[in-house]
Amino acid sequence: MLRSLLALRQIAQRTISTASRRQFENKVSEKQKLFQEDNGIPVHLKGGIADALLYRATMILTVGGTAYGMYQLAVASFPKKQG
């Protein structure tokens, strides 16, 4: 118990160093050029293949969910006959 408290104390006393972090290249200007380019592609699809796949999956789920909801509404509208 005491050993874990001492370890926790040491961790808490360490200073946070940003020098050891990996530096990432700033790609904001490249992305701005890509998204501001007037090439007729909607902005939600300019990100590439991943955006197109996410868009299609979303549309399939939306249309499928709407159709299923309408089917369930139709089933609930006409109760089964007794007898």
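The values are calculated or read from the model by the stated rules, or taken from the named source; none is laboratory data. Quantities reported herein were computed from a predicted structural model and do not represent experimental measurements. Methodologically, a virtual Cβ is constructed for each residue, glycine included, from the backbone with ideal geometry; neighbour enumeration extends over all protein chains shown. Keep in mind that these areas ignore ligands, DNA and RNA; they rest on the heavy atoms of the full protein, side chains included. Shrake-Rupley method; radii C 1.70, N 1.55, O 1.52, S 1.80 Å.
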Exercise. Within straight cross-link reach of K31, meaning Cα distance under 19 Å, which lysines are found once same-chain residues fewer than 8 apart are removed?
Worked result: K46
For this session: Per residue of region 32-39, in order, report the coupling 6.51 cos²θ - 1.76 cosθ + 1.60 (Karplus, θ = phi - 60°) as ³J(HN,Hα) in whole Hz, putting x for Gly and Pro.
Result: 4, 4, 4, 7, 8, 5, 8, 10
For this session: For A12 paired with V63, estimate the spin-label separation in nm (one decimal), with each label point 7 Å from Cα along the Cα-to-Cβ line.
Result: 5.8 nm
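Carbon and sulfur: what percent of the chain's accessible surface (1.4 Å probe)? Mind dumping the intermediate values first?
Details: 5240 of 8450 Å².
The computed percentage sits at 62.
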For this session: Enumerate the calculated ³J(HN,Hα) couplings along region 52-69 in order (Karplus 6.51 cos²θ - 1.76 cosθ + 1.60, θ = phi - 60°), each rounded to whole Hz, writing x wherever the residue is Gly or Pro.
Result: 5, 5, 5, 5, 5, 4, 5, 5, 4, 5, 5, 5, x, x, 5, 4, 5, x
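Using 1/(1 + (r/R0)^6) with R0 = 41 angstrom and r between the beta carbons of M70 and K27, what's the FRET efficiency to the nearest 0.05? The partial results should precede the final answer.
Details: r = 44 Å, r/R0 = 1.07.
FRET efficiency, M70 to K27: 0.40.
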